[in-house]
1. Among the residues of the range 6-57, write down those that are in the same structural domain as V81 (by the TED database), crowded, with 18+ Cβ neighbours inside 10 Å and closer than 17 Å to L218 by Cβ.
2. Out of D160, D101, D117, report the one residue that is open to solvent by less than 70 Å² (accessible area, probe 1.4 Å) and either closer than 22 Å to V38 by Cα or in contact with a Ser or Thr (Cβ under 9 Å, 6 or more places away or on another chain) (or both).
3. Grab the strands (runs of 3 or more DSSP E) fully contained in the range 15-108, keeping just those with 3 or more residues being farther than 27 Å from E140 by Cα.
4. Please determine whether any residue of the range 184-207 is under 17 Å from E266 (Cβ atoms), polar (S, T, N, Q) and open to solvent by less than 50 Å² (accessible area, probe 1.4 Å).
5. Would you check which residues across the range 163-183 are within 21 Å of L218 (Cα to Cα) and either within 14 Å of the chain's Cα centre (by Cα) or open to solvent by less than 20 Å² (accessible area, probe 1.4 Å) (or both) and list them?
6. For the range 214-266, give me every one of the strands (runs of 3 or more DSSP E) that falls completely inside it and has 1 or more residues that are β-branched (V, I, T) and crowded, with 19+ Cβ neighbours inside 10 Å.
7. Which ranges mark the strands (runs of 3 or more DSSP E) fully within the range 110-211 that have 2 or more residues being in contact (Cβ under 8 Å) with a residue 60 or more places away in the chain and out of contact with any Gly (no Cβ under 9 Å at 6 or more places or on another chain)?
Amino acid sequence: MQLSSLYRFPLKSAAGESLQHCPSDALGLVGDRRWMVVAAGTGRFLTQRVVPRMALLQAHWLDETSLRLSAPDMPELQVQVPDSTTLRCVQVWSSSPVVPDAGEAAAAWLSQALGQDCRLVHLPAEDGIQVDLDYARLGERTAFSDGFPFLLIGQASLDDLIHRVGRPLEMLRFRPNLVISGAEPYAEDGWKRIRIGQLTFRVVKPCSRCVIPTLDPLTGERAPDREPLTTLLSYRKGPGGVFFGQNLIAEGCGELAVGMPVEVLE
């Protein structure tokens, strides 16, 4: 087995970046989901669930200094990592971190691109959101993800789903960080600990799926037949939701690269 694809999502719920290699830190892949769009009035996070047009946002991580934004019919905007001059309390599910606001230019750009009043916020690398203690140890943190620092999907699992649905489906619909090839379909469901290269991961929780995979990642349009969610409901439904992929927590930091061997430890 090997790591066949590596994806980073610098801005939560915007388009992803396909990478050949990337270091990880205490929050996940360096640069992954370190920025987030929130409603201006409430501070609640915005995603493609309620703003499908976010699929058309391109966000490119520019080291530790800035983010480059682009969208259809919009000029590019480079946003500097903000300092702590202006802090904003935001809401990501049940967490309410206080984080730096990226300023008026970014807010105006995103408000125009998305058609609603919003703000852009950033999560400093030294901060982070505690991962659910039902699955994690105290001090294990993530960025603005939905709950965990890494998401893994087996390529064979997607291939099986494609066969069942009967039409092509992009892996990016499911927004994984790590794609593994060389395993049987859904083999990841039975893993407890794996090693990729020199980095060890705990496999802590299946990923419950929402409506985002029904959106075409290139157009932001929702499938009228609600595929692939409709098919997943027929054979991947369990207590608490419909599951596809596995959430991971890394035991340490290190470098990840496409082609690295994957070993099941437990």
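1. Within the range 6-57, Q48, V51, P52, M54, A55, L56, L57 meet the criteria.
2. Details: D160 fails: either closer than 22 Å to V38 by Cα or in contact with a Ser or Thr (Cβ under 9 Å, 6 or more places away or on another chain) (or both); D117 fails: open to solvent by less than 70 Å² (accessible area, probe 1.4 Å).
Only one candidate passes the filter, namely D101.
3. Numbers: elements: 17-19, 21-25, 35-39, 58-62, 66-70, 77-80, 87-89, 98-100.
Counting at least 3 such residues, we get 66-70, 77-80.
4. yes
5. Once the filter is applied, which keeps residues that are within 21 Å of L218 (Cα to Cα) and either within 14 Å of the chain's Cα centre (by Cα) or open to solvent by less than 20 Å² (accessible area, probe 1.4 Å) (or both), the range 163-183 yields L169, M171, L172, R173, F174, R175, P176, N177, L178, V179.
6. Numbers: elements: 241-250, 255-257, 262-264.
In the range 214-266, the matching strands (runs of 3 or more DSSP E) lie at 241-250, 262-264.
7. Values: elements: 118-122, 150-154, 178-181, 193-196, 199-208.
Output list reads 118-122, 193-196.
The values are calculated or read from the model by the stated rules, or taken from the named source; none is laboratory data. All values derive from a computational prediction rather than experimental measurement. Don't worry about glycine lacking a Cβ; one is built from the backbone with ideal geometry, like all the others, and counts go over all protein chains shown. These area figures cover heavy atoms from the full protein model, side chains too; ligands, DNA and RNA do not enter into them. Shrake-Rupley method; radii C 1.70, N 1.55, O 1.52, S 1.80 Å.
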